[in-house]
Amino acid sequence: MTRLLAAEENSNFLVPNATIFVELLLFLIILFIFSRFIIPPLTKAMRDREEMNRKQAEEREEATRRLQEAEERYQAALAEARKEADGLREQGRKEGERQAQEILTQAQTQRERILADAEAQISAEARSAASGLRDQVATLALLAAEKVSRRSLSDDDHRRLIEEAIEEADLSAVSTNGKPGPE
């Protein structure tokens, strides 16, 4: 055991020996390989990645700016469309009012024409009815006069009796209606 302790005392790990030089040489070789073959592609990849990130950031900013411009154009176009729609709506309302007034005027004109036609027709029918009634009354008056007098009447007597019967019919119509009878 003493020998073992003596051997341990001679092999101090702090004292350099030949393995340290081999390890140092291997370390320098590995360092050279890293610096020559591994680190340059890594730094290039990192620079490329940073450049890509920078370009993406610029593109994102450009896209944001274009989006804002498009939004502003959209809002302006929307406001213009609303203004135009309001104008069209107002124009349509005015046109509707004008057409309604036209239709009302046409309807009033047509109503007046229909009323005038109806009044003319009623007046013609009233004259026709009055004429027919006068003829019937005259005929009845003649028949009654012939029966009362039991003789035939001359044409002058017929006319005189017809005129008297018509006057009496007109007078009775005025007293019944309060208006003069049809002529």
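Bear in mind that the values in this text are calculations on the coordinates, not laboratory data. Just so we're clear, the structure is a prediction, and the values are computed from it rather than from any experiment. Cβ: placed from backbone, ideal geometry, glycine included. Neighbour counts: every protein chain shown.
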Looking at Asp155, Asp135, can you tell me which residue is free of Cβ contacts under 8 Å to residues at least 60 places away in the same chain, within 30 Å of Leu171 (Cβ to Cβ) and surrounded by fewer than 10 Cβ atoms within 10 Å (Cβ to Cβ)?
Asp155
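Residue by residue, here is whether (1) over 30 Å from Asp170 (Cα atoms); (2) assigned to a helix (DSSP H, G or I); (3) of a type in the set (A, V, I, L, M, F, W, C) holds:
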{"position": "Lys55", "(1), (2), (3)": "yes, yes, no"}
{"position": "Glu62", "(1), (2), (3)": "yes, yes, no"}
{"position": "Ala70", "(1), (2), (3)": "yes, yes, yes"}
{"position": "Lys94", "(1), (2), (3)": "yes, yes, no"}
{"position": "Glu97", "(1), (2), (3)": "yes, yes, no"}
{"position": "Ile103", "(1), (2), (3)": "yes, yes, yes"}
{"position": "Ala118", "(1), (2), (3)": "no, yes, yes"}
{"position": "Leu140", "(1), (2), (3)": "no, yes, yes"}
